[in-house]
1. Under the Kirkwood approximation for Rh and a Cα-based Rg, what ratio Rg/Rh is obtained for the chain?
2. Size of the dipole of region 112-244 about the Cα centre, Lys and Arg at +1 and Asp and Glu at -1 on the beta carbon, nothing else charged, in debye to 20?
3. Between rounded, prolate and oblate, where does region 44-195 land on the alpha carbon gyration tensor, with a ≥ b ≥ c its root eigenvalues, rounded for a/c under 1.5, else prolate if a/b exceeds b/c?
4. Compute log10 of I(q)/I(0) for region 117-188 with the Debye formula, placing one identical point scatterer on every Cα and leaving out solvent, at q = 0.13, 0.27 Å⁻¹, to two decimals.
5. Dimensions of region 185-227 along principal axes (Cα, Å, largest first)?
6. In nm², what is the average projected area of the convex hull enclosing the Cα atoms of region 14-99?
7. Would you work out the charge dipole size for region 122-197 about its Cα centre, treating the Cβ of every Lys and Arg as +1 and the Cβ of every Asp and Glu as -1, and quote it to the nearest 20 debye?
8. List the GluC sites (Glu not before Pro) in region 70-144 that DSSP assigns to loop (not H, G, I, E or B) and whose Cβ has at most 12 other Cβ atoms within 10 Å. Which are they?
Amino acid sequence: MTPENEGSGGTRDGESALPPDALQAALAASQQEVQALRAELEETNRGVVALYSELDAQAEQLRQATEMKSRFLAYMSHEFRTPISSILSIARLLADHVDGPLNPEQARQVGFIQSSASEFSEMVDDLLDLAKIEAGRVEISPAWFEMLDLFQALRGMFKPVVTNPDLNLVFEEPENMPPLFTDDRKLSQILRNFISNALKFTPRGEVRVSAASLDGERVRFCVSDTGIGIAPEFHARVFEDFSQVGSPLQRRLRGTGLGLALSRQLAELLGGNVELQSALGRGSVFSVTLPTRLSLPAATGPSE
């Protein structure tokens, strides 16, 4: 085979596999494809920008709606206070026999008015507190205090409330517990909600309040009861706004389901969390765990 024949099936060095016209056509097609991709990318970018703009607008609308709801709740809660106070004052005058003695049936009805108005007042307070939290207007005022003082105050507060002879409210004396630096009023509010809830759903037995140090940095307060308990499928819902557990006793007792939701949000403001352990028919344990010292820029230690 001659050298000429060897190269007859291919191309010579320096020569292209495609003619110039074909190369130009291929280059033009590639440029058109790049331009089409660029146009598609720009269109996609415009769509993304429009989507972000729409999301921003919806977020702003949601913020405004949340703010309006919080303002409405705060306004209505404030306006409800005056008639509630009037009802409680008049009922107190009747119960004190200012205008003369009451017969047993009248005394029972006045007592019903007092309890209903007090419950209504608590609901209004919870609504107002939730509205303040959502609006970011809740002020935290930490201070050093002893847990023994907190328990004594709670004991005195609930002593006249526990009228059921089949139910005992027990406060375990906190032993060897260090002072706490947190907002004692907010903590007291959390525990009051837990205790009120336990008393409401414990027809007989015991409601016990205790505190224990976990690791020197945190303390856990527990309110345990021997009440009706809560089924596991409801555990995740009890701390949500307006959530109530479906049970015959729950349906008989009024309430908005705000107390536990408020307790959860207050605990988070104090740097802690709430938990629930319960089984249907075996009672419940509501707990709040808080740092022994709330971390705030202005926090200072106890004076020497």
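1. 1.38
2. 220
3. Taking the square roots of the gyration eigenvalues as a ≥ b ≥ c, region 44-195 is oblate.
4. Taken in order of the listed q values, log10 I(q)/I(0) reads -0.58, -1.16.
5. Principal extents (Cα only, largest first): 36, 20, 8 Å.
6. 10.3
7. 160
8. Here the sparse-neighbourhood loop sites are 139.
All of the numbers you see were taken from the coordinates with simple rules; none came from a lab. In this text, all values refer to a predicted model and were calculated from it rather than measured experimentally. Using ideal geometry, Cβ is built from the backbone for each residue, glycine included, and neighbour counts are taken over all protein chains shown.
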